[in-house]
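Chemist: Below is a structure I'd like to ask you about.
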Amino acid sequence: MEDITRHLSQTIGPRPAGSENEHRASQYIAQTMTSLGLAVETQPFYFLGWEPTRPATVQLLAPESREIPAGSFLFSGSAPEGGIEGQVAHVGTMYLCRDFFEWPKYAVKDADGSDLGYLVANAGGPAITFVLYELGRFFGRMPYVVVDLPTHEFFQKQIAAGREVRVQMDTAGIVKDNLLSHNVLGVLPGTCLPNEEIVVCAHYDSTLTSPGACDNASGVDAMLRIAKTLAQGPKPAKTIRFIAFGAEEYLMFGSKFYVATLKEKGILDRVKNVVNLDMVGFGDHLAVTVTPESYKRRLQSVFAGLTDAVRVEYNSAVLPVSDHFPFYEEGIPVAMFLGWPYDDYHQSTDSYDKVDPEMIRRTAEAATEVVRQMAGG
Ligand SMILES: [Zn+2]
């Protein structure tokens, strides 16, 4: 099999949902699934998206003059031509995702003290591209820009010392009301229990300007390796459905759409377990989010039986940050595998050269064993 991570991240490149590149990636994944002997189906869907028309920029004007690293917020409102200039004031914490993305927020105010726009600092480090939660509905469509953690620390220090901090910020984009994306489904039918399913999934879209090598070409790569191994082995008792989800970076749009579709048809209870692979190409350990406890015990026993397994850290707090979440909301046992730490998350530096192929291989091997056991045979 070709190097899938390389193909998606380097040959195709950034794959923001609704783009031509995302579409190319979906066709490539469908072809690969077909070549592995899976029955392939493509589920198209339309969604509300956002595209930048001017890059996010921040210029510090006082107490010193320099450029500040800036990232785009999807669904941000647009600053007027020429940007916004004003005084920076700390306004609190922005709860983009509770217990996970809780970021310090600053307003840029005019001379009357009215808010003109906001700078929100990624507590995890760099000025990445991110999405305004619930597609901007919670926070409105003021101009928002992501800044980095050192900028937050600088602002804090200056404000505490009573110095005036002034910036000029800019961002602009348009809401796209009819973007097309696809979920790509490949099925390995079960022999004895074909109406019971194990879902193995990974999203294939990326953020705006990121090649998305680790996030999440690596997860698609691992998923297709699992498919290859299981397609060649003895037939599973339960059906295994491999799904490459589109538009995950739009807050799990593809997986939410998929789960809603099954629920409408009254067949969601066919899904017995989910294994989601999101960023498995880097890190010194695998962070495994798994619930309920019985599923965790199955996973633990599988990992204990592997001689070559990566170190695993378990947790049971399921957050709305990846494609297992819509299944979890419906009470389905879920597990997410994620390699951690990874510093290039949601940046243009999330490129093929950062990926550790051994991490993908070992994760895929462990996940193959998990899926094989859950599917029976
Ligand atoms: Zn991801």
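The values are calculated or read from the model by the stated rules, or taken from the named source; none is laboratory data. What you are looking at is a predicted structure, and each value in this text was computed from that prediction instead of being measured. Counting neighbours? That spans all protein chains shown, and the Cβs are built from the backbone with ideal geometry, glycine included.
Chemist: Only one of (1) surrounded by 24 or more Cβ atoms within 10 Å (Cβ to Cβ); (2) within 16 Å of the ligand (Cβ to nearest atom); (3) β-branched (Val, Ile, Thr) fails for ILE226. Which number is that?
Modeler: Exception for ILE226: condition (2).
Chemist: Now a separate question. Which members of region 91-142 meet the condition of being of a type in the set (Lys, Arg) and assigned to a strand (DSSP E or B)?
Modeler: Selection gives LYS105, LYS109.
Chemist: Mind listing just one residue for me: the one in region 202-216 that is near the ligand (Cβ under 10 Å from one of its atoms) and either under 16 Å from TRP340 (Cα atoms) or of a type in the set (D, E, K, R) (or both) and, of those, surrounded by the most Cβ atoms within 10 Å (Cβ to Cβ)?
Modeler: Across region 202-216, the extreme among qualifying residues is ASN216.
Chemist: Scanning for something outside the structural domain of PRO326 (by TED's automatic domain parsing), of a type outside the set (A, V, I, L, M, F, W, C) and without any contact (Cβ under 8 Å) to a residue 24 or more places away in the chain, does region 135-148 turn up at least one residue?
Modeler: Looking only at region 135-148, we keep the residues that are outside the structural domain of PRO326 (by TED's automatic domain parsing), and these are 135-148.
In the following step, the residues that additionally are of a type outside the set (A, V, I, L, M, F, W, C) were identified as 136-137, 140-141, 143-144, 148.
Okay, now just the ones that are also without any contact (Cβ under 8 Å) to a residue 24 or more places away in the chain, so 137.
Yes, some residue in region 135-148 is outside the structural domain of PRO326 (by TED's automatic domain parsing), of a type outside the set (A, V, I, L, M, F, W, C) and without any contact (Cβ under 8 Å) to a residue 24 or more places away in the chain.
Chemist: So, one more: Working only within region 277-335, note down all residues that are away from the ligand (no atom under 14 Å from the Cβ) and aromatic (Phe, Trp, Tyr).
Modeler: Passing the criteria: TYR295, PHE303, TYR314, PHE327, TYR328.
Chemist: Something else now. Return the pair list, or none, for Cβ contacts closer than 8 Å from residues in region 314-340 that are closer than 12 Å to MET279 by Cβ and of a type in the set (Gly, Ala, Ser) to residues that are within 13 Å of the ligand (Cβ to nearest atom) and part of a loop (DSSP other than H, G, I, E, B), at least 6 apart or on different chains.
Modeler: Close Cβ pairs (under 8 Å, with a partner that is within 13 Å of the ligand (Cβ to nearest atom) and part of a loop (DSSP other than H, G, I, E, B)) amount to SER322/GLU248; SER322/MET252; SER322/ASP278; GLY339/MET279; GLY339/VAL280; GLY339/GLY281; GLY339/PHE282.
Chemist: Assuming GLN347 fulfils every condition listed in (1) closer than 26 Å to HIS7 by Cβ; (2) modelled with pLDDT of 95 or more apart from one, which condition is it?
Modeler: The one condition GLN347 does not meet is (2).
Chemist: Based on what the data block shows, is VAL220 crowded, with 23+ Cβ neighbours inside 10 Å, in contact (Cβ under 8 Å) with a residue 24 or more places away in the chain, within 14 Å of the ligand (Cβ to nearest atom) and β-branched (Val, Ile, Thr)?
Modeler: yes
Chemist: Of the conditions (1) hydrophobic (A, V, I, L, M, F, W, C); (2) within 14 Å of the ligand (Cβ to nearest atom); (3) surrounded by fewer than 24 Cβ atoms within 10 Å (Cβ to Cβ), LEU185 satisfies every one except a single condition; which number is it?
Modeler: Of (1) hydrophobic (A, V, I, L, M, F, W, C); (2) within 14 Å of the ligand (Cβ to nearest atom); (3) surrounded by fewer than 24 Cβ atoms within 10 Å (Cβ to Cβ), only one is false for LEU185: (2).
Chemist: Another one. I want to confirm something. Restricting to region 299-336 and keeping residues that are within 17 Å of ALA364 (Cβ to Cβ) and out of contact with any Asp or Glu (no Cβ under 9 Å at 6 or more places or on another chain), which single residue is modelled with the highest pLDDT?
Modeler: ALA335
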